[in-house]
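Engineer: Below you'll find the structure I mean.
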Amino acid sequence: MSKLVTLTIDDKQVTVPEGTVIVDAAKKVGIDIPVFCYHPKMEPVGMCRMCLVDVGRPVIDRATGQPVLEPDGSPKVQFGPKLETACTTLVSEGMVVVGMSEKVKAGRKDVLEFLLTSHPLDCPVCDKGGECPLQNLTMGFGPGESRFLYDEKMHLAKHVPLGDLIFLDRERCIQCGRCVRFQSEVVDDPVIGFYNRGRKLEIRTYSDPGFDSYFSGNTSDICPVGALTTVDFRFGARPWEMRTTASICTHCAVGCNLAFNVRREAKAGGDIVIKRAMPRQNEQVNELWICDKGRFGYHFAESGGASPLERLAQPLVRRGGELQPASWDEALRLAAEGLHQAGRELLALVGGRLSNEDLFNIQALAQGLGGKIGLDTYMAGGDLVSQVGLGQGSNLGDLGQGSAILVVACDLEEEAPIWWLRLKRAVERGASLIVANPRPTKLERYAAHILRYGYGSEAATVAALLDAIDGKQNAANSGIKAAAEAITGLGNLVVVYGSEGLGLQGSQALAQACANLLIATGHFGQPNNGLLAVWPHANDQGAWEMGLRPLPDLPAALQAAKALYVAASDPLGDDPALAEALRALPFVVVQDLFLTETARLANVVLPALPFTERDGSFTSGERRVQRYYPAVLARPDARPDYAISGEICKRAGVEAEISSAAGVFARLAEKVPAYQGLNYRMLAQTAEQWPIVGRPDVYYGGTAYENTQGLGVQVKPGAQDGPPPARGALGAAPALPLQAGERLAVPVTRLYDHGSTIAHTGLLHARTPAPYVALHPGELPASDGAEVQLSLGGQVFTVTLRLDEALPAGVVLVPRSLGLPLRGPQAVELKVK
Amino acid sequence: MFLIELARGMGTTLRMLFEKPVTIQYPEEKRPVHTRFKGRHSLHRYENGLEKCIGCALCAAACPADAIFVESSENTDEQRFSPGERYASTYEINFLRCIFCGYCEDACPTEAIVLGDNYELTFSDRREAIYGKDRLLVPVPPGGQPTPQQTEPGVFTRSIPVMENPKD
Amino acid sequence: MTDIKQYLLLRHRDIAGLDQLETYRQSGGFEAFQKAVTGMQPGQVTDVVKASGLRGRGGAGFPTGMKWSFIDNKNWPHYVVANADESEPGTFKDREIMTYNPFQFLEGLALCAYAVSAHEAYVYLRGEFWQVAAILDRCIAEMEAAGLLGDKLFGTDYSLRLHTHLGAGAYICGEETALLESMEGKLGQPRLRPPFPPSFGLYGKPTIVNNVETLTNLPLIIEKGAEWYRSYGTDRSPGVKIFSLSGCVNKPGNYELPLGTTFRELIYQHGGGLPEGRKIKSIMPAGASSSLIVATEEALDTAMDYESVPNVGAQLGSASVIVIDDSVNVAWLIHKTIEFFKHESCGKCTPCREGTYWMLHLTERIAGGHATSQDVELLHDVASQMKGKCFCALGEFSIEAVLSGIERFPQDFEHE
């Protein structure tokens, strides 16, 4: 508990912890002090001089140390000779701050006048108009007329591309430095910086490609003028013309809260379209930030126009060997018949992109008919996360001194950028980070201890760490000993595991080892303790909570099945080697957004709705259940996944709820242990958050949106209320014998890939790599950039070779979702072309 | 007496018989409108043919009847509609909503939308009442080029080409 | 034992070849440093300097000993940086010291380092001083060879190394926190103060930044004592000062005189007065950052020290006295100073970045003869608007000449 200080701001008394700046203290009592360069998530710099206020401090008699009193008994207050910046001045006991005197208002007018001297008269053509701090403050405090001659204005470059996602307009820039400080302080990617001096001070990018950062879009939110704008939203619409709906990003397991701005457009033929994705404040998930994949990667939900792939417009049924349009009635009837007939030999395959409601109904169908259901994923361990996941009340933003974080087998910035950011900030607050990975990643910059192991030894490394903590002698590995010492004695432990170089078996073993570590050290069932999995999809955790499991052997399961029901998954597209097995299936039903490779083989194809056109809920990796709402109208001939499978259930004689997502959720909350007592109303509850953003004072926190539609609910892991869990066996490490001429290939994740939900966003194509493999130099007689041939699972792919000295020898790194079907560590052949 | 009143009244009627009527034979004769008459809008052009409208949507924001709909797009030098970076790719006014107040004209920074003299608006269909750019744009002035134009890079960089210090 | 003839700081004018180590040592050089390292505690050195009343000679006039006593003794290591950025227009004293009497300056720097227990000290020179840096590098090498720098000096545990560092042509890097930023390789923009360099300086460590001239006083103070130093100058501004005289005088140059000497003596007795037929109009005592003193008889008789100069509406600053005569139009003059400040503004804070740019355009029009009286009022307004709002002293002092020029010489701003 830090000391509290009471001060008076504009005649209002406020009590805040020591170390608060005046701007924040004022905010707490509803007084808005105008700022430009200050942002509540960054260190204050006091450069723009907009927040100048009159500060008075009680006079203390030097001799006695007592406050000097006025005749009426009130403390004598001495005001400084100059105005002071409210953003850099810390509060002190008895301070008196005057923000609304004539002197202070004149000061604000002066600063605004200075800023407007060379600011271009761009408001009519500037995207920021309507949500522009400079506009708002000029209306509030600025001069009505300009005393500066138009011809003497400094003219600078406009429309400068800082990379292909962000445009800079140098004339509009007021040199507040928020973008530069965000990049260097908050996300540690100093790829932009100031250049030159004086009136010519300008922003430049120092990376190639320009503005090479996964968080670049956030700078356009915090820029107080229209200097930084995104390419996606250039001239899209005026802020007051758009409506806002709440949604959740579907690209990874973080579950960032989004706000979609929509407008009804003539360009789109009168449809309501999404104009942009903005962050929605949720201090327990993503604070005020979203990564560029979430910001720009929603276009897959559209169809036609900018999107090269058309969404399915209506149900399709195979007649005479060809897929032909059919009515819903016919398609559903056929699907139900075919699946019912298969009965126990029905296999349902679902993807983690589906919401809790969708998964529940499909599971109901599979179970109701006595068939099997499998989760299409390459990462396991979710059952352990259900047990020893993060305790209820956890917040990565609370980790700091006294917390240890272990990250194993994960390139966190590529797999979940916002978690990378949150953990980095946790380290800055004093948390102890241990990174265990076979190769260096960006997270290691903040690691107190780095454990390097060979691909395949993930679980063994964590087990060795547990041995060292238990006090058992360890095989001369000083790194592990040091890491063990770091963990012991700290109050909290969060273990994060990813899928670096892992397949199902490897990740299950790793998850078990991590769970064992947490169980043995007692770090489970409490807030800010537990296991966190970096799932590839938004709702993988939701799937695991519901009891869905990956199929240990997908080809074998396909062979054993007589009917296949696929939703949000494309097994053929992911691995062409499955073609034979899939073609051999007598009956296939595919429910998806697009006509995928698997759908082309299907007997019945059912068009589903993307998350932007319906509501539902996702469970994030932190086990927070969050609601999303429809942003645009649903296309007339597509239906939500839960409704489609619900209808099939009904026609196949299985009981199911189809009325609404809320209705399905009510059912699943009764069935799924973790969600007992949860309902949609609870998910929509909000609370006051700090810092306060999204209100009329856009200058304070930027243009992130206030969260008025739900913070979600973090559910308890099994171990929080239940009996203490037991450690589990790890199982033998999978043997991977290599024949002559073969190499070990391991899969790694890249943020921008050719996945079906990101490939349609043209904006990110320049940053998406073409298919490649990475090797340590000297493994192959070829140079960086050469073409090589990769033989994988019976197919041959031509890829580019990337050489990286930081990689260990003897492995080939194959990125996922770039068209190279590697599900787990595997033997491959690599030849120079 | 009553007869005098009657004679007076009838005298007035007789006088009126010989006075010039104020009515005119509309539509063959039309009364000219006063100088600042607020009739149907038109989108104006510069002398070189470029559209003045820069798609800022301030007219739409000012309109008390929400009669104007604007969508903006980017100009390129290969396809230039207006000077500067931005132009209105969609511009619609719904004349069934419009109250002809002239706020849009006041709001416009480039004097693009101007209310003219035409008050003769009739529609037989609601959709006909929505005028798009095709019906609102004035014809190309003599010596100008129709839009879109192909222009030299670096010439039309400012959305408001002639900026002057206020004179009054 | 140092034999003082006329000069304390510009001793090369008394002794030829003082820039040679041999000559310097023969005339008593490095005796003070050896005496301090072998016979005094660091705190004692600070006490002597405090007692001497030496004040910073870079322009701020802050008591040197007091600054040293603020250093944070809980945070290590300590650093000392000599501010040789000398970019104030009209200032050219440090250049003479470092070129012709470099060892006295380096000995002063070494004494300061010893007093605050720093083992690394730097000389930050403006980028244009590469020749001066070469001289200092030569001197440092000679000192190392002679055992005056390095490890375990004079048989004690104290070690010291000196380094030169060149800037890149920015006046703002004479501001101590911008100087530290520049040394760290970052953009030369001033830092937020507090914290001050004695708590948080170079790389976040406690650092003392002192001007070259200030440091050059130290060897004699340590050798001969605080009382001796106080025999020069006035009670509250003790010691001698090098006055860089320039402008409309017959003999511009550096003049070392005790503080408290009058303007009249400096300009007429030493500076040879004004050229034939010219009348003195104004004095700028602190270079371009000055207010313009109206050159009345009273002003000429004012003592040049930190207390008296404010009585005639200016600050002594770095004592770069620029003499203005009646052939100079004040409107033209402030156009020149504003040109300088606009060029040198770092751009961090809004008032200075925008204000100097705006004032430049206004003074351009005014000096060019095509402005109105409203422009003069506007110029005064703009300058007043900047007052009290800037992040650092550059902005604050850039307006002094403008405000004093318009207020005290209004006739120069009237046009036909």
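Engineer: Sum -39500 (n - 2.57) across every DSSP H segment of at least 4 residues in chain A, then divide by the residue count to get the 222 nm mean residue ellipticity, nearest 500.
Structural biologist: After summing the helix terms and dividing by residue count, I get -6500 deg cm²/dmol.
Engineer: With the Cα gyration tensor of region C:133-206 giving a ≥ b ≥ c as the square roots of its eigenvalues, does the rule (a/c under 1.5 for rounded; else a/b larger than b/c for prolate; else oblate) give rounded, prolate or oblate?
Structural biologist: It is oblate, given that a/c is not under 1.5 and a/b is not larger than b/c.
Engineer: Across peptide A:108-119, how many C-beta atoms of other chains are within 10 Å of each residue C-beta, on average?
Structural biologist: 5
Engineer: Ok, one more. Find the sum over both chains of the accessible area lost when A and B are paired, probe 1.4 Å, and report it in Å² to the nearest 100.
Structural biologist: Approximately 2000 Å², summed over both chains.
Engineer: Modelled label-to-label distance, A:GLU322 and A:LEU69, 7 Å Cα→beta-carbon offset: nm?
Structural biologist: Here the answer is 9.9 nm between the modelled labels.
Engineer: Helix-only mean residue ellipticity at 222 nm, chain B, DSSP H runs n ≥ 4 weighted -39,500 (n - 2.57), per residue, nearest 500. What is it?
Structural biologist: When only DSSP H runs of four or more count, the value is -5000 deg cm²/dmol.
Engineer: Say each of A:GLU93 and B:ARG127 gets a label point 7 Å from the Cα, pointing the same way as Cα to Cβ; how far apart are those two points in nm?
Structural biologist: 7.6
Engineer: Lone cysteines in chain B, going by a 4.7 Å Cβ-Cβ cut-off?
Structural biologist: That list is B:CYS53, B:CYS56, B:CYS63, B:CYS98, B:CYS101, B:CYS108.
Engineer: Between A:ALA733 and A:ARG147, what is the label-to-label distance in nm when each label sits 7 Å out along the Cα-to-Cβ direction?
Structural biologist: 7.6
Engineer: Next up: Give the ranking of B:TYR26, C:TYR124, C:TYR171 by solvent-accessible surface, highest area first, calculated with a 1.4 Å probe.
Structural biologist: Sorted by accessible area, descending: B:TYR26, C:TYR171, C:TYR124.
Engineer: Before I look further, what does region A:110-230 give for accessible area per residue, probe 1.4 Å, in whole square angstrom?
Structural biologist: 31
Engineer: Moving on to the next point. Net charge around C:ALA383, counting only other residues with Cβ within less than 12 Å of its Cβ (Lys, Arg = +1; Asp, Glu = -1)?
Structural biologist: Surrounding charge for C:ALA383 is -4.
Engineer: Please give the FRET efficiency for A:ALA557 paired with A:GLN341, using the beta carbon to beta carbon distance and R0 = 22 Å, rounded to the nearest 0.05.
Structural biologist: Working from the Cβ atoms, E equals 0.75.
Engineer: If you filter region A:61-125 for trypsin sites (Lys or Arg not before Pro), then keep DSSP loop positions with at most 11 other Cβ within 10 Å, what is left?
Structural biologist: Those satisfying the criteria are A:ARG62.
Engineer: With every protein chain present, what is the per residue accessible area of region A:4-100 (1.4 Å probe, Å²)?
Structural biologist: Here the residues of region A:4-100 average 45 Å² of exposed surface.
Engineer: Also, I was wondering about something else. State the antiparallel share, in %, of DSSP beta bridges confined to chain C, rounding to the nearest 5.
Structural biologist: Expressed as a percentage, antiparallel bridges in chain C total about 45.
Engineer: Right, something else. Send over a whole-number figure in Å² for the accessible area per residue of region A:375-502, probe 1.4 Å.
Structural biologist: 29
Engineer: Quick check for me: using +1 on Lys/Arg Cβ and -1 on Asp/Glu Cβ, what's the dipole size of region A:559-638 about its Cα centre, in debye to the nearest 20?
Structural biologist: The dipole of region A:559-638 has a size of about 260 debye.
Engineer: Top to bottom by accessible area (1.4 Å), largest first, where do B:LEU6, A:LEU406 land?
Structural biologist: In descending accessible area the options line up as B:LEU6, A:LEU406.
Engineer: For region A:572-588, what does the Karplus curve 6.51 cos²θ - 1.76 cosθ + 1.60, with θ = phi - 60°, yield as ³J(HN,Hα) per residue in whole Hz, taken in order and with x for Gly and Pro?
Structural biologist: 5, x, 6, 8, x, 5, 7, 3, 4, 4, 6, 5, 6, 5, x, 9, 10
Engineer: Counting only protein heavy atoms and using a 1.4 Å probe, what share of the accessible area of the protein assembly as shown belongs to carbon plus sulfur, as a whole percent?
Structural biologist: C and S fraction of accessible area: 52 percent.
Engineer: So, one more: Write out the GluC sites (Glu not before Pro) in region A:568-659 meeting two conditions: DSSP loop, and at most 15 other Cβ atoms within 10 Å of their Cβ.
Structural biologist: A:GLU655
Engineer: Also: Per DSSP helix of 4 or more residues, -39500 (n - 2.57); summed, then divided by the residues of chain C. What does that give at 222 nm, rounded to the nearest 500?
Structural biologist: Value at 222 nm, helices only: -12000 deg cm²/dmol.
Engineer: Magnitude of the Cβ-charge dipole of region A:110-230, K/R +1 and D/E -1, about the Cα centre, nearest 20 debye?
Structural biologist: Taking the Cα centre of region A:110-230 as origin, the dipole is about 320 debye.
Engineer: Based on the Cβ-Cβ distance of C:GLU298 and C:GLN6, what FRET efficiency does E = 1/(1 + (r/R0)^6) give at R0 = 30 Å, to the nearest 0.05?
Structural biologist: Once the sixth-power term is evaluated, E becomes 0.50.
Engineer: Follow-up question, since we're still on this one. What pairs from A:LYS109/A:LYS200; C:LYS67/C:LYS205; A:LYS103/C:LYS389 go past 20 Å between their alpha carbons?
Structural biologist: Where the Cα-Cα span goes over 20 Å, the pairs concerned are A:LYS109/A:LYS200.
Engineer: For a quick check of understanding: with a 1.4 angstrom probe and all protein chains in place, what accessible area in square angstrom does C:LYS241 have, to the nearest ten?
Structural biologist: Its heavy atoms expose roughly 0 Å² to the probe.
Engineer: Here's a follow-up. When all protein chains stay in place, what accessible area (Å², nearest 10, 1.4 Å probe) is found for C:PHE129?
Structural biologist: Its accessible surface works out to 10 Å², give or take rounding.
Engineer: If you don't mind, another one. Got a sec? Charge dipole of region A:608-717, +1 on Cβ for Lys and Arg, -1 for Asp and Glu; which of A:PHE611, A:LEU683, A:ALA652 is way out at the positive end?
Structural biologist: Value computed over the given set: A:ALA652.
Engineer: How much FRET efficiency would the formula 1/(1 + (r/R0)^6) give for A:SER207 and C:GLU276, where r is the Cβ-Cβ distance and R0 is 51 Å, rounded to 0.05?
Structural biologist: Calculated transfer efficiency: 0.20.
Engineer: May I ask for the accessible area buried between chains C and A, both sides summed, probe 1.4 Å, to the nearest 100 Å²?
Structural biologist: Using a 1.4 Å probe, the pair buries roughly 2800 Å².
Engineer: Only protein chains counted, 1.4 angstrom probe. Which residues of region C:356-383 are at least 10 Å² less accessible in the assembly than when their chain is isolated?
Structural biologist: Residues losing area: C:TYR357, C:TRP358, C:HIS361, C:ARG365, C:LEU378, C:ASP381.
Engineer: State whether the protein assembly as shown is rounded, prolate or oblate according to the following rule on the C-alpha gyration tensor (a ≥ b ≥ c being the square roots of its eigenvalues): a/c under 1.5 gives rounded; otherwise a/b larger than b/c gives prolate, and the remaining case gives oblate.
Structural biologist: Judged from the Cα gyration tensor, the protein assembly as shown comes out oblate (a/c at least 1.5, b/c at or above a/b).
Engineer: How large is ³J(HN,Hα), in whole Hz, for each residue of region A:652-658 in order, when computed from phi with the Karplus curve 6.51 cos²θ - 1.76 cosθ + 1.60 and θ = phi - 60°, using x for Gly and Pro?
Structural biologist: My calculation for region A:652-658 gives 9, x, 10, 6, 7, 9, 10 Hz in order.
Engineer: Tell me the net charge near B:ILE24. Cut-off is 14 Å between Cβ atoms, B:ILE24 excluded, with +1 for each Lys or Arg and -1 for each Asp or Glu.
Structural biologist: +1
Engineer: Note every residue of region A:233-278 with a reduction of at least 20 square angstrom in accessible area, all protein chains present versus the isolated chain, computed with a 1.4 Å probe, or write none.
Structural biologist: By number: A:ARG234, A:PHE235, A:ARG238, A:TRP240, A:GLU241, A:ARG263, A:ALA266, A:LYS267.
Engineer: Based on the alpha-carbon gyration tensor of region A:688-796 and its eigenvalue square roots a ≥ b ≥ c, which shape applies: rounded if a/c is under 1.5, prolate if not and a/b is larger than b/c, or oblate?
Structural biologist: It is oblate, given that a/c is not under 1.5 and a/b is not larger than b/c.
The values are calculated or read from the model by the stated rules, or taken from the named source; none is laboratory data. A quick note: this is a predicted structure, and the numbers were derived from the prediction, not measured. Because the Cβ atoms are built from the backbone with ideal geometry, glycine has one as well, and the counts that use them run over all protein chains shown. These accessible areas exclude ligands, DNA and RNA; they are computed on the full protein's heavy atoms, side chains included. Shrake-Rupley method; radii C 1.70, N 1.55, O 1.52, S 1.80 Å.
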